[in-house]
Amino acid sequence: MALTAQQRIAWWLFAPPALLAGLRWLLQWQEGRGPTITALPLSPFAGAQPLSAMLWQLAGPLLALLVLTLGLWLVRRRWGWHTVQRMLLGLWVAVCLVGCAALLWRPYNLQGLQPLAPVQAQVLGSHAKLPNLRSTGGTELVLRIANLEPLQQVLIDDPQAAQWQPGQTTLLLQWAQGRHRGLFITGWQVLAPTAPAATTPAALLP
């Protein structure tokens, strides 16, 4: 039996996010069945970025939304609202497919981790981060890593990380490079004796 126009629209609206949610569940299920791999992604500290980069991060999405709105308005004037609906549906499907590709990229990138020589890092700042849909929360650290610029940040879910005093805690990091891109912390050891967790030997994520 052929689908009506409303049924086709509903299918295109709900099938792509359902695929995205199913893929995420499948990857989490496979990750839970396999050996635990500690790989915490490092990223440049947002507060150390130049003002121009921070402004572009705020203005970029707004500019893209403005261009998209203007483009859809022009399409509506020339080809009608039905064409705009098709374009919006296509854009929606494309966004969901990009999300699926991003979910598949992370485990693929982590399959070929290339260990690097251990390096020292000083804790310059920390704050608690509540759990959300994207992470389990924990302590977000700002690190100065030897021979690496700019400052880096990483989210650690070890409770001991909340006790590390900024400016007084030095870590010996075990880290690795992703298969194609990115740096990841795979373990650490507290070196500074002034931190409360300093007497603890190497602390690795479960």
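Just so you know, all these numbers are worked out from the coordinates, no wet-lab data involved. Predicted, not measured: the structure shown is a model, and the values here were computed from it. All Cβ positions, even for glycine, are placed from backbone atoms using ideal geometry, and neighbour counts span all protein chains on display.
Quick notes on this one:
- Couplings for the range 99-107, taken from phi via the Karplus curve 6.51 cos²θ - 1.76 cosθ + 1.60 with θ = phi - 60°, read x, 4, 5, 5, 5, 6, 5, 4, x Hz in order; Gly and Pro are left as x.
- Projected label points at ALA21 and ASP157, each 7 Å from Cα along the beta carbon direction, are separated by 2.1 nanometres.
- Hz values of 3J(HN,Hα) by residue in the range 151-156 - Karplus curve (6.51, -1.76, 1.60), Gly and Pro given as x: 4, 10, 10, 8, 9, 10
- Annotation: amide H-H contacts under 5 Å for LEU151 (H modelled 1.01 Å from N, sequence separation of 5 or more, or interchain): PHE45.
- Calculated FRET efficiency for the pair TYR108/GLN165, C-beta based, R₀ 35 Å, to 0.05: 0.40
- Length available on full extension from MET87 to VAL67: 0.36 nm per residue minus the Cα-Cα distance, which gives 5.8 nm.
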